[in-house]
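Structure record follows, encoded as structure tokens.
Derivation of every value follows stated rules applied to the coordinates shown; laboratory data play no part. Since we're looking at a predicted model, the values are computed, not measured. Here the Cβ is made from the backbone with ideal geometry for all residues, glycine too, and neighbour counts use every protein chain on show.
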Amino acid sequence: MRTSLTIHDLHFAWPDGTVVFDGLDLVAGPGRHGLVGLNGSGKSTLLRLVTGDLAPQAGTVSTDGTLARLRQDPGADPDRTVAEVLGIARTLAAIKRVEAGDARPDDLDLIGDDWDVAERSAAELGRLGLGHLDLDRPVGTASGGELVLLSLTALLLARPGVLLLDEPTNNLDRDARDRLVEVIAAWRGTLLVVSHDRDLLETMDDIGELRAPRLGGASTIRWYGGGCSAHEAAVRVEQEAAERAVRTAESDVRAQRRGLEATRARAAQSARQGRASRDGMPKILAGRRQRAAQESAGRVTGVHQDRLAAAGEQLDAAESRLRDDREIRVGLPATAVPPSRTVLRLEGVRTPYGPDVVDLEVRGPERIGVVGRNGAGKTSLLLTLTGELAPVAGSVEVMVPSRLLPQRMDVLDPGLTIAENVAVIAPDATETERRAQLARFLFRGRSADQTATTLSGGERLRATLACLLLSEPAPQLLLLDEPTNNLDAASVRHLVEALRAYEGALLVVSHDQRFLDQLELTRTITLGEQD
């Protein structure tokens with residue numbers, strides 16, 4: 001199989017000295033390769049190193065053919081048109097000038113073999129369910145999911161040999177995810193996909209798991225054949241074997257410790273008996289016998305100490321194969337809302353980007369899911385509740401303190417550390433309170449002093465949640481926009497547990513039906529059904 005992507009002896013550390021990769025190797029040929037790992041293990045960082053957005057301290061990255069990457073949360077100037085995001089605006093303009101007989105000297109070079117670019121663009125947009133987007137439409141009117149698919153379309157039009165996708169199903173509804181899977185299934189080049197989406201990972205030819213050593217340090221990749229289910233089955237077998245090895249090693253350590261203690265007890269008893277037997281002996285002879293006894297006891301004790309040390313090393317090696325996956329412990333504030341209290345009221349509200357008229361009253365600690373296709377106006381509804389968007393029609397009343405976790409998680413100042421961001425949002429909290437809250441979100445000690453620009457998507461979500469929950473006044477209404485994007489399975493599970501314990505009102509926009517089902521919603525609102 002022809003190799004398309006090769007990484008050899010890659011070394012990378014952040015400016016604060018945190019080592020991410022130390023001698024990493026990776027070889028990938030044509031096919032669909034999934035890349036998984038805990039939040040913060042370095043998945044997105046690896047893709048940035050491959051594309052040259054980050055420079056390694058040592059090692060090489062080489063590709064056979066052109067390279068393209070779909071970013072985790074692709075952003076775009078809202079005033080840019082669809083054609084500009086697709087990268088075809090200049091080519092289309094040149095074709096129009098040639099057809100109108102007003103060609104410029106470099107127009108033919110600019111067009112090259114792309115005379116059919118308009119047709120190919122329309123076909124790709126239609127394949128991904130974006131046929132309704134006109135090429136001259138500003139992308140600021142597109143939803144987050146539409147922007148993801150639009151960015152992917154731009155990459156497909158470039159025909160890269162190596163395609164890197166970073167959490168491509170973020171913000172996508174079920175139909176859009178199905179179309180994305182079809183595109184991936186038809187891909188004939190080299191594809192490397194970073195994702196926590198089980199359904200998407202099930203379509204992979206193999207899964208590479210990026211993990212850091214148990215006690216910290218650089219990450220390594222281990223590959224497993226097959227998709228998500230095969231990977232999980234292999235991990236279960238490995239963990240069962242590791243647990244047996246740990247139990248055996250622990251038993252050996254206990255046995256060696258008992259042996260050492262017994263040897264020391266016998267040596268002490270022998271020393272007492274030796275002292276009694278040497279009474280009345282000449283000092284020189286007594287001294288020789290004492291030294292001989294001490295040397296013999298020391299040799300025996302040394303043997304048992306060596307055995308105990310070896311058993312300890314075996315135990316360390318066995319434990320290193322056990323997974324010690326840290327999981328977030330979310331401490332949500334006690335913000336109980338009486339069942340009779342009105343939390344928010346919407347009357348005849350129409351948002352700038354949604355087709356529906358929304359009437360909604362929320363009382364007490366209701367938990368409501370907001371679902372609908374991409375472009376139905378779900379995010380617009382949340383922004384209207386926060387006052388960031390003015391409704392086209394109707395009235396909005398929010399009667400309690402509220403906080404929004406935005407889809408693009410732009411709450412953090414990228415130039416500040418995590419701890420400094422929390423201090424800005426919660427100036428009245430003590431340093432101890434801030435550090436304690438961050439520790440619940442796995443930012444302990446030095447890790448709380450990372451700058452926001454170094455955070456992975458999952459780490460950024462954890463840091464943003466910590467900031468929101470420490471803010472004053474504490475939120476009695478939480479607005480969450482696709483909160484499970486970029487989260488590993490363990491983090492999603494504990495986020496669910498935390499939100500179940502939350503005593504305020506909850507309004508959640510999500511395409512993750514499994515997540516919504518686990519929240520035990522009181523009701524669900526579907527937008528976009530009037531089309």
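Could you give each residue of the range 492-503 its phi-based ³J(HN,Hα) in whole Hz, using Karplus coefficients 6.51, -1.76, 1.60 with θ = phi - 60°, and x for Gly or Pro?
Per residue, the Karplus-derived 3J(HN,Hα) values read 4, 4, 6, 5, 4, 4, 5, 5, 5, 7, 5, 9 Hz.
Using only alpha carbon pairs under 8 Å that are at least six residues apart, calculate the relative contact order of the range 5-214 and give it in whole percent. Walk me through the intermediate numbers first.
Details: 340 pairs, mean separation 68.2, N = 210.
In percent, rounded to a whole number, it is 32.
Between Thr248 and Asp175, what length comes free when the chain is fully extended (0.36 nm per residue of separation minus the Cα-Cα distance, one decimal in nm)? Provide the component values of the computation, followed by the final result.
Details: separation 73, 0.36 × 73 = 26.28 nm, distance 5.02 nm.
Stretched out fully, the Thr248 to Asp175 stretch lengthens by 21.3 nm.
When the dipole is taken about the Cα centre of the range 93-209, and only Lys, Arg (+1) and Asp, Glu (-1) are charged at their Cβ, what size is it in debye, to the nearest 20?
Working: 12 positive and 25 negative charges, 34 e Å.
Computed charge dipole of the range 93-209: roughly 160 debye.
Evaluate 2.2 N^0.38 Å with N set to the residue count of the range 342-527, then give the Cα radius of gyration divided by it.
The value comes to 1.03.
Express the relative contact order of the range 382-462 as a whole percentage, based on alpha carbon pairs under 8 Å and six or more residues apart in sequence.
On the way: 51 pairs, mean separation 23.5, N = 81.
Dividing the mean separation by the residue count of the range 382-462 yields 29 percent.
If I take all pairs of Cα atoms in the range 381-490, what percentage of them are more than 24 Å from each other?
I get 27 percent for the Cα pairs in the range 381-490 exceeding 24 Å.
Can you give the convex hull volume per residue for the Cα atoms of the range 402-449, as a whole number of Å³? It would help to have the intermediate numbers written out before the result.
On the way: hull volume 4.3 nm³, N = 48.
That works out to 90 Å³ per residue.
By its C-alpha gyration tensor, with a ≥ b ≥ c as the square roots of the eigenvalues, how is the range 13-123 shaped: rounded for a/c under 1.5, else prolate for a/b larger than b/c, else oblate? Please report the intermediate quantities before stating the final value.
Numbers: a/c = 2.66, a/b = 2.40, b/c = 1.11.
It is prolate, given that a/c is not under 1.5 and a/b is the larger ratio.
I want to make sure I understand the PRE zone here: with the label point 7 angstrom from the Cα of Asp205 toward its beta carbon, which residues in the range 164-178 have backbone N atoms less than 20 Å away?
Taking a point 7 Å out along Cα→Cβ of Asp205, the residues of the range 164-178 whose backbone N falls under 20 Å are 164-168.
If eta is 0.692 mPa s and T is 37 °C, what Stokes-Einstein diffusion coefficient results for the range 5-214, Kirkwood Rh from Cα pairs, in µm²/s? Walk me through the numbers before you get to the answer.
Values: Rh = 18.6 Å.
It comes out at roughly 176 µm²/s.
In what sequence, highest mean first, do 138-145, 77-84, 96-103 appear when ranked by Cβ atoms within 10 angstrom? Write out the running numbers ahead of the final one.
On the way: 138-145: 19.6, 77-84: 15.9, 96-103: 11.5.
Result, highest mean first: 138-145, 77-84, 96-103.
Evaluate the distance, in nm, between pseudo-label points positioned 7 Å from the Cα of Val19 and of Arg341 along their respective Cα→Cβ axes.
Distance between label points: 5.1 nm.
Compute the relative contact order of the range 441-531 as a whole-number percentage, counting only Cα pairs closer than 8 Å that sit 6 or more residues apart in sequence. Mind showing how you got there, number by number?
Details: 52 pairs, mean separation 25.0, N = 91.
With pairs under 8 Å counted, the relative contact order is 28 percent.
Over all distinct alpha-carbon pairs, what is the Kirkwood Rh of the range 457-513 in angstrom? The partial results should precede the final answer.
Numbers: mean 1/r = 0.0834 Å⁻¹.
When all Cα pairs of the range 457-513 are included, the Kirkwood radius is 12.0 Å.
How many nm separate the modelled label positions at Val357 and Glu240, each set 7 Å beyond the Cα in the direction of the Cβ?
Between Val357 and Glu240, the label points sit 6.1 nm apart.
Considering the dipole of the range 413-531 built from charges on the beta carbon (Lys and Arg +1, Asp and Glu -1) around the Cα centre, which of Gly528, Asn486, Ala436 is farthest to its positive end?
Ala436
Take the Cβ-Cβ distance between Ala393 and Arg97 as r, set R0 to 30 Å, and report the resulting FRET efficiency rounded to the nearest 0.05. Present the calculation step by step, with values, prior to reporting the outcome.
Details: r = 43 Å, r/R0 = 1.43.
Taking R0 as 30 Å, the efficiency between Ala393 and Arg97 is 0.10.
For the range 5-214, with only Lys/Arg (+1) and Asp/Glu (-1) charged at the beta-carbon, what is the dipole magnitude about the Cα centre, in debye rounded to 20? List each step's numbers first, then the result.
Numbers: 21 positive and 35 negative charges, 63 e Å.
Using Cβ point charges on Lys, Arg, Asp and Glu, the range 5-214 gives about 300 debye.
Equivalent-ellipsoid semi-axes (√(5λ), Cα gyration tensor) for the range 93-217, whole Å, largest first? Could the numbers behind the result be given before it?
On the way: eigenvalues 242, 63, 37 Å².
Values for the range 93-217, descending: 35, 18, 14 Å.
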